[in-house]
Each structure stands twice: as structure tokens, then as C-alpha cells.
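In what follows, a single structure is set out as C-alpha cells and then discussed.
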Amino acid sequence: QVQLVESGGGLVQAGGSLRLSCAASRSFVGINIMSWYRQAPGKQRELVAAITRGGMTNYADSVKGRFTISRDNAKNTLYLQMNDLKPDDTAVYYCKAAITVTFYWGQGTQVTVSS
């Protein structure tokens with residue numbers, strides 16, 4: 001089991017940057033995949049980026065080249081560096097951890113990009 005707490009969201013102008021953090025309540029050992037998802041009003045939650053225990057990464061086409069997922073194992077923290085933000089990136093961003101077949105979610109952090 002793990003608790004996840006996101007932070008770093010806020011209001012930013014188009015073209016700006018934000019870095020989201022997801023602090024885990026325990027070590028990443030045993031966590032197979034950690035991911036960032038987002039959900040915009042009226043839309044389904046969608047995968048933004050994921051990183052495996054081995055460090056392999058995967059990104060949604062809409063954020064490739066702009067967002068970078070990373071993790072600090074010593075700090076039990078997952079990050080999402082978001083550059084060149086666009087109004088379409090406005091959403092609540094959630095952190096997710098997969099431990100075997102069980103998923104854990106954070107409470108989300110709001111990102112709003114103004115044009």
C-alpha cells in the first residue's frame with residue numbers, strides 16, 4: 001500500500017513551465033510503474049506519462065517533447081516537468097502507482113494554462 005500526494009500545480013500563461021511533484025509514503029521498491037494522468041472538465045482521465053521500475057518512459061503524443069517524467073528514488077518522489085504549456089494542458093493532474101495488480105491514486109493537483 002502507498003499514499004500519494006501531488007503538488008506543484010497552479011496558474012501559468014501559455015508557453016510557461018511547471019513542475020509537478022508526487023510524494024510517496026514509502027519507498028518505490030516494489031512499485032512497478034508510476035504514472036501521471038490528467039482529467040479536463042467533461043473529458044475522460046487520460047495517461048500523460050509513465051515510468052517503469054527500470055526507468056523506461058512513455059508519453060502521450062500530445063506532450064512528447066514538452067513534458068518529462070522522472071523520479072528520485074532517494075526522496076520517494078515522482079516528478080513531471082512541463083514546458084511550453086498550452087491551454088489544452090489545463091486539467092487536474094493525478095499521480096498513480098501500480099503495485100502488482102493494485103492501483104493507487106493521489107488526490108490531484110490543478111493546472112490551469114491561460115492563453
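The values are calculated or read from the model by the stated rules, or taken from the named source; none is laboratory data. This is a predicted model, so every value here is computed, not measured. Glycine also receives a Cβ, built like all others from the backbone with ideal geometry; neighbour counts cover every protein chain displayed. Areas reflect the complete protein model, heavy atoms only, side chains present, ligands, DNA and RNA absent. Shrake-Rupley method; radii C 1.70, N 1.55, O 1.52, S 1.80 Å.
Things worth noting here:
- Per the listing THR102, THR68, THR77, THR52, the residue uniquely modelled with pLDDT under 95, over 20 Å from GLN39 (Cβ atoms), in contact with a strand residue (DSSP E or B) (Cβ under 9 Å, 6 or more places away or on another chain) and of a type in the set (Val, Ile, Thr) is THR52.
- For region 54-88, a tally of residues being assigned to a strand (DSSP E or B), free of Cβ contacts under 8 Å to residues at least 12 places away in the same chain and surrounded by fewer than 17 Cβ atoms within 10 Å (Cβ to Cβ) returns 2.
- Of residues in region 105-115 being farther than 14 Å from SER35 by Cβ and at pLDDT 95 or above, the one most open to solvent (accessible area, probe 1.4 Å): GLN107
- Among the residues of region 1-35, just one is among the β-branched types (Val, Ile, Thr), open to solvent by 50 Å² or more (accessible area, probe 1.4 Å) and at pLDDT 95 or above, namely VAL5.
- Taken together, the residues in region 56-115 that are within 16 Å of PRO41 (Cα to Cα) and among the aromatic types (Phe, Trp, Tyr) amount to 2.
- Test result for ARG71, among the charged types (D, E, K, R) and more than 16 Å from VAL2 (Cβ to Cβ): no
- Number of residues in region 15-53 that are of a type outside the set (Asp, Glu) and in a strand (DSSP E or B): the value is 20.
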